[in-house]
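Step one of this worksheet: look at the structure below.
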Amino acid sequence: MYYEAFQRLSFFIDHVYGIMNMEDYKVFENLSDAEIRFANENDSEIMGNMSSIILSCLNSAPTFLPVKPELVMNINARYKSLVEDNDSTILIAEKDMKELGFQVYEPITLDLMAPDNGVELHIAGTHLSQRGRGVGKKLMNEGYRIMKEKGYSSIITDWKITNLSGSNFWPKCGFKPIAYRMIRNIDNNIAWANFNNSGIIL
């Protein structure tokens, strides 16, 4: 028991790759009253506004991922350009004209861990202030419904085990680990490349 806990603290296990079979999904209840809609080409700035959600989680303890200014700017640009990708399905959770969270689904790149007839939940996030309010659950319910209607039989995703909110949420959705990446490095640039540094551009 203690050895497994030690591994899960990322002294060995760093990354988790999971799969959820559509038939095993249990629809969440007690959801947010947010509206879930498809993103469109006019949502570039909205996606840019949410580009730091995952970064801020990974920058803090216990992951300690450095966020250099150029990384922040590159990821912001990539999020903005997602709405131009016709192969992606992007869901945005909104309330009172304010974005709360998102999910991005993409076709699977074929490899040894890619299931037949599956789709990838590529990235997803909910603003820190909205967590615990059912926003992620409502996004997951809607994403599941849409992907099932498209005929997919499974969804894959991955997360850092030290992303505590992800490690708690994704198994609740029904994602079961199929592989681990086992490595642990802490870049000493974390000493300055963090969101507490006013020089980091958000």
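A few points about this structure:
- Qualifying residue in region 174-184 (condition: among the β-branched types (V, I, T) and crowded, with 17+ Cβ neighbours inside 10 Å): no
- Selection from region 42-71 of residues that are of a type in the set (D, E), touching a residue at least 24 places away in the same chain (Cβ under 8 Å) and surrounded by fewer than 18 Cβ atoms within 10 Å (Cβ to Cβ): E45
- Among the residues making up region 45-85, those that are under 13 Å from F195 (Cβ atoms), under 17 Å from the mean Cα position of the chain (by Cα) and not hydrophobic (A, V, I, L, M, F, W, C) are S51, S52, S56, N59, S60, T63.
- Any hit, region 76-87, residues being closer than 17 Å to F38 by Cβ, surrounded by 15 or more Cβ atoms within 10 Å (Cβ to Cβ) and either touching a residue at least 40 places away in the same chain (Cβ under 8 Å) or among the acidic types (D, E) (or both): yes
- Restricted to region 1-22, and to residues there that are open to solvent by 30 Å² or more (accessible area, probe 1.4 Å) and modelled with pLDDT of 95 or more, the residue that is farthest from the chain's Cα centre (by Cα) is N21.
- Scanning region 24-41 for residues that are in a helix (DSSP H, G or I) and either free of Cβ contacts under 8 Å to residues at least 24 places away in the same chain or open to solvent by less than 100 Å² (accessible area, probe 1.4 Å) (or both) turns up just one, D24.
- For I190, the conditions (1) in a helix (DSSP H, G or I); (2) among the hydrophobic types (A, V, I, L, M, F, W, C); (3) open to solvent by 80 Å² or more (accessible area, probe 1.4 Å) all hold with the exception of (3).
The values are calculated or read from the model by the stated rules, or taken from the named source; none is laboratory data. As the structure is a computational prediction, the values presented were derived from the model and not from experiment. Ideal geometry is used to build each Cβ from the backbone, glycine not excepted, and the neighbour counts take in all protein chains shown. Please note that ligands, DNA and RNA were not included when accessible areas were found on the heavy atoms of the full protein model with its side chains. Shrake-Rupley method; radii C 1.70, N 1.55, O 1.52, S 1.80 Å.
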